[in-house]
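S.K.: Quick one: the structure is below, questions incoming.
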Amino acid sequence: MNPREIDTTQRPFVLIWELTQACELACKHCRADAQSRRHPDELTTSEGKQFLDEVRRFDNGQLVVLSGGDPLARNDATELIDYGTDIGLRMTLTPSGTTSLTPERIQGLTDAGLRRMALSIDGGTAVTHDDFRQEQGSFEQTMRAARATQAADLPLQINTTVCAETVDELPAIRDLVADLGAVLWSVFFLVPVGRGRVLDPIAPERAERVMKWLYDVAHSAPFGVKTTEAPHYRRVTIEQGRGIDSPKRPSPDGIGRRMGITAGNGFAFVSHLGDVYPSGFLPQPAGNVLNESIVDIYRGSDLFRSLRDPDALRGKCGVCEYRYVCGGSRSRAFAYTRDPLESDPLCAYVPGEYNGPLPKQSFTPDEASSAD
């Protein structure tokens, strides 16, 4: 399957299912505001399999990411991966770097058909990573899990959060990504939801410099680079002169990459309770999979349809000549303005024909709390 041939009005390229919000860690940036215990109303194993059956209606080979919290806090994660694989889905996993991620469990996940493992590294050393994750030993546990993933011949992805606290760590993290033999570095630019509301984002001008640096990394490193919640990276690559397609070799796990993905447009998120959101960072529900098919919600809900219309955007995003390849982070716009169609305040670019107000990366504590 060629990712570029996917019609994102009909199916997401990436569908994330938050299996649980339970997790041993209390990371500073956690979107889920993870808890120590599982919620009693999580989708059951049976309900989860019925949900995966509906996901299969999108088409053969639909990409499903099992997330959390820590998805391995559920003892049926391997069973769900095995089931999804059997019905033709491409199952991937984003577990927490905890003691639960043993070599034996990783091998079991691989045997069940897992296509890729994504681990998070947010500091170039044990000190900086563990401080961000607020768990002594998390860095070493993540390193052990990464090595076990390599030993299982399972493709490894590294996820990193970019905020004021981590931005200076990026060069050291880049070196770790290379040393670990990862196939992809996914660089996530902070959206202030969950615990992440207490973190400081980087300024738009700094974000622009980081993206230009990532562009250089993408064309020199032995791994692929993608940004999350920073679609204006596509504008940066265009302005740098090589277009939006990175000249990387195909992904060895067959998952591939797809440009032009934003919340609700090629991307969907299902919570542990079955609520469907355009993104986990855009907590505005469009339905629930216990009452309605995920296919119908994705294709037909007013919220998802509006997010797939670049001409519906407001502010400078609405007149930007890059809106068809970028469109800005709808999640960040929602976090700061409560309107997912407003302009993305992290983008430093101002279209030449725009003379209106510029978005701001600020909100009051009361406004922030309303994101719950």
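S.K.: Amide H neighbours of PHE13 under 5 Å, counting only residues 5+ apart in sequence or on other chains, H built in-plane at 1.01 Å?
M.R.: Under 5 Å from the amide H of PHE13: GLY266, PHE267.
S.K.: While we're here: Residue-wise, which Karplus ³J(HN,Hα) couplings in Hz belong to the range 222-239, taking 6.51 cos²θ - 1.76 cosθ + 1.60, θ = phi - 60°, and x for glycine or proline?
M.R.: x, 10, x, 10, 9, 10, 10, 6, 8, x, 6, 4, 5, 4, 4, 5, 5, 5
S.K.: Kindly put ARG57, ARG116 in sequence by how many other C-beta atoms sit within 10 Å of each C-beta, fewest to most.
M.R.: Listed from fewest to most nearby Cβ atoms, that is ARG57, ARG116.
S.K.: How would you rank VAL162, VAL167, VAL191, going from fewest to most other Cβ atoms within 10 Å of each one's own Cβ?
M.R.: Arranged by neighbour count, lowest to highest, VAL162, VAL167, VAL191 become VAL167, VAL162, VAL191.
S.K.: Here's something else I'd like to know. Just name one of THR125, CYS317, ALA268: the one whose Cα is farthest towards the positive end of the charge dipole of the chain (beta-carbon charges, Lys/Arg +1, Asp/Glu -1).
M.R.: CYS317
S.K.: Also, quick follow-up: Could you tell me, in Å, what Rg and Dmax come out for the Cα atoms of the range 9-302?
M.R.: Answer for the range 9-302, Rg first and Dmax second: 18.0, 52 Å.
S.K.: Taking the Cα centre of the chain as origin, sum charge times position over the Cβ atoms of Lys and Arg (+1) and Asp and Glu (-1), and report the length of that vector in debye to the nearest 20.
M.R.: In total the dipole reaches around 860 debye.
S.K.: What shape does the range 262-372 take by its C-alpha gyration tensor, where a ≥ b ≥ c are the square roots of the eigenvalues and a/c under 1.5 counts as rounded, a/b above b/c as prolate, and the rest as oblate?
M.R.: The shape class here is oblate.
S.K.: With +1 on each Lys and Arg Cβ and -1 on each Asp and Glu Cβ, how big is the dipole of the range 262-372 about its Cα centre, in debye rounded to the nearest 20?
M.R.: 240
S.K.: Out of all Cα-Cα pairs in the range 287-335, roughly what percent, to the nearest whole number, are more than 16 Å apart?
M.R.: Within the range 287-335, distances greater than 16 Å cover 48 percent of Cα pairs.
S.K.: What percent antiparallel are the DSSP beta bridges of the chain, to the nearest 5?
M.R.: 15
S.K.: Something else: What whole-number distance in Å separates the alpha-carbon centres of the range 265-283 and the range 308-344?
M.R.: After rounding, the separation between the Cα centres reads 18 Å.
S.K.: Moving on to the next point. Given a cut-off of under 8 Å on Cα pairs at least six residues apart, what relative contact order in percent is computed for the chain?
M.R.: Relative contact order comes out at 17 percent.
S.K.: Please give the length that would be gained between ALA172 and ASP200 if that part of the chain were fully extended, namely 0.36 nm times their separation in residues minus their C-alpha to C-alpha distance (nm, one decimal).
M.R.: Extending this stretch completely gives an extra 8.0 nm.
S.K.: Per DSSP H run of at least 4 residues, take -39500 (n - 2.57); add these up for the chain, divide by its residues and hand me the 222 nm value, nearest 500 deg cm²/dmol.
M.R.: -8500 deg cm²/dmol
S.K.: Still on this structure: In whole Hz, with x marking every Gly and Pro, tabulate ³J(HN,Hα) for the range 72-78 from phi via Karplus 6.51 cos²θ - 1.76 cosθ + 1.60, θ = phi - 60°.
M.R.: Once θ is set to phi - 60°, the couplings for the range 72-78 become 7, 5, 9, 7, 9, 4, 5 Hz.
S.K.: Would you be so kind as to identify which of LEU72, VAL191, THR99 lies farthest towards the positive end of the dipole of the range 9-302, taking Lys and Arg as +1 and Asp and Glu as -1 on Cβ and the Cα centre as origin?
M.R.: Working it through, the farthest residue towards the positive pole turns out to be VAL191.
S.K.: Using θ = phi - 60° and the Karplus curve 6.51 cos²θ - 1.76 cosθ + 1.60, what whole-Hz ³J(HN,Hα) does each residue of the range 287-298 get, with Gly and Pro shown as x?
M.R.: x, 9, 5, 6, 10, 8, 5, 4, 5, 5, 5, 5
S.K.: A further question on this structure: Please list the non-local residues whose amide H lies under 5 Å from the amide H of THR228, H modeled 1.01 Å from N, same-chain partners needing a gap of 5 or more.
M.R.: VAL187, PHE188, PHE189
S.K.: Picking from PHE139, PRO359, LEU89, whose Cα lies most toward the positive end of the charge dipole for the chain (charges on Cβ: Lys, Arg +1; Asp, Glu -1)?
M.R.: Ranked along the dipole, the leading option is PRO359.
Bear in mind these aren't lab numbers, they're just calculated from the coordinates by the rules spelled out. Given the structure is predicted, the values throughout are model-derived calculations rather than measurements. Backbone-built Cβ (ideal geometry, glycine too); neighbour counts: all protein chains shown.
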